[in-house]
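Nothing in this text is a laboratory measurement; each read-out follows from the coordinates by a stated rule. Keep in mind the model is a prediction, meaning the values are calculated, not measured. Don't worry about glycine lacking a Cβ; one is built from the backbone with ideal geometry, like all the others, and counts go over all protein chains shown.
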Amino acid sequence: MIMTIKNRAKVNFYQDLKTNGCPVCNYVNEIVLDFFSQWVHSFAKRPDVQDEHAAGLGFCSFHTWRLESAASARGISAGYPKLLERLARDLSNIARSSDNLEESVKELIKQRDDCPICTLMLDSEKYYVEQLAGFLRGDEGRKAYEGSQGVCLHHLAMLQASLPEKQTGAYLLMQAARRFSEMAEDMRSFARKYDALERYLLTRKERNACSCALIHVAGLRWLSTS
């Protein structure tokens, strides 16, 4: 299954940093959505794509369910039987000849470190973080980042690895600390106004504080595979 990072030339950090979420998460999610939007049609129609999917034992559990959300039941039903038939053959052979049934069955379960979409995600994530690190070495990049919500904790740690100069890394940590403090106050304000039936006084920042905080602590929900 051949998957490549698309639209690399279209990365625009000035635009990306305007999000309330994490720009790295958003980029990786867009790559995955782009893959599924192209692949699911071929999966439902083309025997060679179905054969390749079956030969590779499909996707990890997380991305199997992501497939369910991206494709129709009809499309999955057209493309999935070859994988199921392969599993049926392998399980029959294991039952007849394997000395270690548990380990033999485990070998049929697709793991994250061998899932093609997980690999695509990691490749996309690494590329974007490296490009963002270069962007943040310049004064204009830092200025744009300072006015943004920044990245989630996971990608903040990855940025540290891509920024060997301690000064820039420490600057990003201080920016993240400031934003988390602001989010905490926005969430408290949201709760106070909500309880006091003053919801009409809620600001946009206060309304977005809950989702923004969760994303910056745990990353985008669709990318959480743990």
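Data overview
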| item | result |
| --- | --- |
| Check: the range 34-161 dipole with +1 on Lys, Arg Cβ and -1 on Asp, Glu Cβ, in debye | 360 |
| The range 73-145: trypsin sites (Lys or Arg not before Pro) in DSSP loop, at most 14 other beta carbons within 10 Å | R137 |
| Ellipticity estimate at 222 nm from DSSP helix runs (n ≥ 4, -39,500 (n - 2.57)) divided over the chain, nearest 500 | -22500 deg cm²/dmol |
| Unpartnered cysteines - no second Cys beta carbon under 4.7 Å - across the chain | C210, C212 |
| Neighbour-limited loop hits for GluC sites (Glu not before Pro), the range 87-173 (at most 15 other Cβ within 10 Å; DSSP other than H, G, I, E, B) | E107, E165 |
| Cα convex hull of the range 131-191 - mean projected area over all directions, nm² | 4.2 |
| Lysine pairs with alpha-carbon atoms under 29 Å apart, the chain, spacing 8 or more or separate chains | 25 |
| Extension reserve of the A157-S61 stretch, reckoned as 0.36 nm per residue once the Cα distance is removed | 32.0 nm |
| Farthest positive-ward along the range 20-223 dipole, Cα basis, beta-carbon charges - from F135, S124, I109 | F135 |
| For the chain, diffusion coefficient by Stokes-Einstein and Kirkwood Rh (Cα), 20 °C, 1.002 mPa s, µm²/s | 105 |
